[in-house]
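Presented below is the structure to which this report refers.
The values are calculated or read from the model by the stated rules, or taken from the named source; none is laboratory data. Source: prediction; values computed, not measured. Ideal geometry is used to build each Cβ from the backbone, glycine not excepted, and the neighbour counts take in all protein chains shown. SASA here: full protein model, heavy atoms, side chains in, ligands and nucleic acids out. Shrake-Rupley method; radii C 1.70, N 1.55, O 1.52, S 1.80 Å.
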Amino acid sequence: MLASMEKGLNAINAPLARLGSWIGGGMLVVMTVVVLLQVVFRYGLVMPLSWTDELSRFLMIYMTYLCLPLIYLQDRNIAMTFLGDFLKPRRVRHLMMVVIHLLAIVTFLMWIKFGYDFFLRGSSRADSLPISMRVIYIAPPLMMAITLLSALQKVVSELRLFLHDETDEQNDSQSGWTN
């Protein structure tokens, strides 16, 4: 049952994460062009553009949130692994990862709630661009909801590995480890 849940979540998460990373990569290219344009206008033509700093900041916000689900799914986020490396029984490691992912889900839920509240209050307009700040403020709660699905997939995966790790049981019985 856990394997089918994991497969179903992966069928949702993997395409969303890939799409987000492709869009985020495109935004990185646009941001690079915008920053280079700002350098040329500011130092080459001595006519600084007023909108480039704000646009590059908005693109950076979106890039970060769009790439987060893929980073989370592939375990490429910053992590302190010394405790997991110290734990010898893999089943204990899997259980610890379940707890960590559940804590991440709680954090994501709070992020979504406060981000959505901020979105509701963000009726102002950007300083130098003709867009509502709600366009920017929707990124955190929306993308954290997608990242939450990735964390849910990780919980299911770690639970499956915890419950069905026969190699660990064999190694424990050979080394004299008992539960």
*Which numbered condition F108 misses (of (1) closer than 22 Å to E6 by Cα; (2) without any contact (Cβ under 8 Å) to a residue 40 or more places away in the chain)*: (2)
*Consider only pairs whose beta carbons are under 8 Å apart and that are at least six residues apart or on different chains; among these, list those whose first residue lies in region 74-93 and is closer than 16 Å to L163 by Cα and whose second residue is open to solvent by less than 70 Å² (accessible area, probe 1.4 Å) and charged (D, E, K, R).*
P89/D168; P89/D172; R90/D165; R90/D168; R91/D165; R91/D168
*Determine if region 88-95 includes at least one residue that is under 20 Å from the mean Cα position of the chain (by Cα) and modelled with pLDDT under 95.*
no
*Filter region 54-82 down to residues that are out of contact with any helix residue (DSSP H, G or I) (no Cβ under 7 Å at 6 or more places or on another chain) and open to solvent by 50 Å² or more (accessible area, probe 1.4 Å), then give me how many there are.*
11
*Take the residues in region 124-142 that are polar (S, T, N, Q) and part of a loop (DSSP other than H, G, I, E, B), then tell me which one is farthest from the chain's Cα centre (by Cα).*
S128
*Residues within region 81-123 that are farther than 30 Å from F58 by Cα, of a type in the set (D, E, K, R) and in a helix (DSSP H, G or I), tallied*: 4
_Complete set of residues in region 86-134 that are farther than 13 Å from A145 by Cβ, out of contact with any helix residue (DSSP H, G or I) (no Cβ under 9 Å at 6 or more places or on another chain) and open to solvent by 90 Å² or more (accessible area, probe 1.4 Å)_ = F86, L103, R125, P130
*With respect to L152, determine if the residue is open to solvent by less than 80 Å² (accessible area, probe 1.4 Å), modelled with pLDDT of 90 or more, in a helix (DSSP H, G or I) and among the aliphatic types (A, V, I, L, M).*
yes
*Tally time: how many residues in region 1-24 are assigned to a helix (DSSP H, G or I) and surrounded by fewer than 13 Cβ atoms within 10 Å (Cβ to Cβ)?*
6
